[in-house]
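Note sheet for the following structure.
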Amino acid sequence: MWKNIEAAPADSILGLTEAFRNDSNPAKVNLGVGVYKDDAGTTPVLKSVKDAEKILLDKEKTKSYLPISGDPGYGVCVQKLLFGEASEVISSGRAATAHAPGGTGALRVGAELLKKFNTTAKVWISKPTWANHKGIFGAAGFELDEYAYYDASSMSLDFPALVNSLENVPAGDIVLLHACCHNPSGVDLNEEQWSQVVEIAKAKNWIPFLDFAYQGFGAGVNEDRFAVEQFAAAGVDFFVASSFSKNFGLYNERCGAITVISPSREESVVAMSHLKTTVRVLYSNPPAHGGLVAATILSDPALYEQWIGELAEMRQRIVAMRSALVDGLAARGVDRDFSFIKEQRGMFSFSGLNDDIVKWLRDNKAIYVVGGGRINLAGLTTANIDYVCDAIAEAIKA
Ligand code: LMR
């Protein structure tokens with residue numbers, strides 16, 4: 001069967017991790033995949049997660065199937081985190097949440113569900129966006145288009161162009177937005193800009209789909225939900241794909257959620273029924289462990305506080321690495337202004353390094369950066385920062 005079939009290209013992000021693993025250079029540095037590393041260069045299991053796991057190990061009585069949409073307690077915890085405990089969305093019962101295998105799974109479930117009822121709709125993605133968005137929505141059968149977002153010359157958001165794009169999205173189309181910590185650019189909308197986008201969505205009647213994979217990595221879990229809150233208050237139909245991979249460090253537990261918000265409880269019941277039929281044919285029902293860990297932490301005040309502290313530590317370390325990189329490059333006499341890196345939010349920096357430099361860094365220094373110049377700041381440590389700054393300075397001057 002495979003004789004006349006060409007091999008598929010490696011994934012632009014996870015493929016880098018494979019190449020990194022196979023690289024024998026002892027100085028190698030992986031600034032590719034969005035996985036948090038501590039200053040020792042390891043991806044630790046959070047202490048709150050370990051403690052929750054101990055509780056769960058004692059309590060576990062069965063490994064029977066979960067419901068199609070996951071443990072109901074998990075859905076409750078997810079909604080409290082997404083909307084805030086006192087949210088009207090929760091009290092009015094107009095959100096339906098299903099546990100999905102990670103943010104990717106959540107996006108795909110949402111995409112499949114949307115495709116059933118919006119057969120001719122297009123999906124609009126930001127220019128640029130996370131590489132897998134194209135794959136996920138394309139695989140669900142959608143035609144894709146791009147809306148303006150990032151201005152490479154000023155290394156910042158091109159808000160007038162964004163507004164112009166979004167005002168021209170036809171009613172019924174789907175607009176994929178990054179709720180915070182835009183991947184790959186690290187450039188977010190401010191509160192006023194979000195409010196304006198919500199108004200456009202309402203006026204133009206397109207369907208917002210928020211990808212919310214980094215709650216807590218921007219300014220904090222409460223601050224980062226601003227966009228979600230604004231869309232909720234607008235009373236429009238919208239979707240949220242959320243993930244606990246990053247903020248709980250539950251990467252390999254594949255733990256995320258798809259939440260469908262409707263204007264009324266009655267519509268939400270219908271939405272949930274279709275979420276279930278969608279999940280059933282994709283993977284039947286979700287894996288249990290990660291969801292139970294997250295729900296245990298989110299429903300225990302002491303564990304919650306501990307987790308919030310651990311999340312703040314991750315966020316602050318990334319901010320410190322942003323400064324270390326900018327200052328390190330300046331100290332090496334690099335005359336290009338990299339100060340914008342300090343303004344960006346989340347795990348990533350869209351560094352402005354072009355693909356020639358990205359290739360040079362990989363070939364000559366075993367430093368792995370995603371094509372387009374996206375750097376995972378969490379891959380920097382006090383042990384490798386000088387090596388990385390030296391290498392980038394050399395590459396730029398070369
Ligand atoms: C990333 O953007 O690096 C992460 O979201 C991991 C992934 O699956 O691509």
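The values are calculated or read from the model by the stated rules, or taken from the named source; none is laboratory data. On a predicted model such as this, the values are computed, not experimentally measured, just so you know. Cβ: placed from backbone, ideal geometry, glycine included. Neighbour counts: every protein chain shown. Quick note on the areas: whole protein, heavy atoms, side chains included, nothing else; ligands and nucleic acids left out. Shrake-Rupley method; radii C 1.70, N 1.55, O 1.52, S 1.80 Å.
Efficiency by 1/(1 + (r/R0)^6): what FRET value for residue 300 and residue 2, r their Cβ-Cβ distance, R0 = 35 Å, to the nearest 0.05? Kindly include the intermediate steps, with their values, before the conclusion.
Working: r = 50 Å, r/R0 = 1.44.
The value I calculate is 0.10.
When the chain is described by a simple charge dipole with +1 on each Lys and Arg Cβ and -1 on each Asp and Glu Cβ, the residue from 130, 395, 271 located farthest towards its positive end is 271. Cross-link check: pairs 246/365; 50/342; 59/115; 37/359 evaluated at a Cα-Cα cut-off of 29 Å; pairs beyond the cut-off: 50/342; 59/115.
Just to be sure I follow the definition: excluding the sites themselves, where is the longest run in the chain that has none of the GluC sites (Glu not before Pro) in a DSSP loop with at most 16 other Cβ atoms within 10 Å? Result, exposed sites excluded: 86-398.
With the gyration tensor restricted to C-alpha atoms of the stretch 53-131, the semi-axes of the equivalent ellipsoid amount to 29, 18, 14 Å, longest first.
If I model a spin label at residue 205 and residue 25 as a point 7 Å from the Cα along the Cα→Cβ vector, what separation in nanometres do I get? In this crude label model, residue 205 to residue 25 measures out at 5.5 nm.
Scaled to the globular estimate 2.2 N^0.38 Å, the Cα spread of the stretch 1-93, given as radius of gyration, is 1.72. When the solvent-accessible area of the stretch 240-384 is split by element, carbon and sulfur atoms take up 53 percent of it, the probe being 1.4 Å.
Per residue, the chain reaches -14000 deg cm²/dmol at 222 nm when only DSSP H runs of four or more residues are counted, each adding -39500 (n - 2.57).
With respect to the cross-link table entries 47/80; 116/204; 116/276; 28/397, which display a Cα-Cα separation exceeding 18 Å?
Working: 47/80 22 Å; 116/204 21 Å; 116/276 13 Å; 28/397 21 Å.
Those over the limit are 47/80; 116/204; 28/397.
Per the Cauchy relation, a quarter of the hull surface: what is the mean projected area of the convex hull of the alpha carbons in the chain, in nm²?
Averaged projected area of the chain's Cα convex hull equals 21.1 nm².
Report the residues of the stretch 326-361 in range of a label on residue 11: point 7 Å along Cα→C-beta, backbone N strictly under 19 Å from it. In the stretch 326-361, the label zone of residue 11 (backbone N under 19 Å from the point 7 Å along Cα→Cβ) covers 347-348.
If you run the Gaussian network model on the chain, springs between alpha carbon atoms under 10 Å, then out of 274, 178, 99 the most flexible one is 274.
Diagonalising the gyration tensor over the Cα atoms of the stretch 205-268 and scaling each eigenvalue by 5 before taking the square root yields semi-axes of 23, 14, 9 Å, largest first. Work out which chymotrypsin sites (Phe, Trp or Tyr not before Pro) in the chain are exposed loop sites (DSSP not H, G, I, E or B, at most 11 other Cβ within 10 Å) and give the longest gap free of them. Between exposed loop sites, the widest span is 66-398. Here the stretch 81-217 yields Rg over Rh of 0.95, to two decimals, using C-alpha coordinates and the Kirkwood radius.
Loop sites by DSSP among the trypsin sites (Lys or Arg not before Pro) of the chain, restricted to those with at most 10 other Cβ atoms within 10 angstrom, leave 64-398 as the longest stretch without any of them. Scaled against the 2.2 N^0.38 Å expected of a compact globular protein of N residues, the Cα radius of gyration of the stretch 343-398 reads 1.05. Dipole size of the chain about its Cα centre, with +1 on Lys/Arg Cβ and -1 on Asp/Glu Cβ: approximately 1040 debye, rounded to the nearest 20.
If eta is 1.567 mPa s and T is 4 °C, what Stokes-Einstein diffusion coefficient results for the stretch 168-249, Kirkwood Rh from Cα pairs, in µm²/s? Here the translational diffusion coefficient equals 100 µm²/s.
Only Cα sites of the stretch 208-332 enter the Debye sum here, all with the same form factor; the resulting log10 I(q)/I(0) across q = 0.17, 0.22 1/Å is -1.04, -1.34, listed in q order.
Inter-part distance, the stretch 62-119 to the stretch 361-386, computed on C-alpha centroids, equals 35 Å.
Pairs of Cα atoms under 8 Å, at least six residues apart: use those to get the relative contact order of the chain, whole percent. If you can, show how the numbers build up before the last one.
Working: 710 pairs, mean separation 104.4, N = 398.
After rounding, I find 26 percent.
Starting from the Kirkwood radius over alpha-carbon pairs of the stretch 1-160, derive D by Stokes-Einstein at 20 °C in a medium of 1.002 mPa s and give it in µm² s⁻¹. D, rounded to a whole number, is 105 µm²/s.
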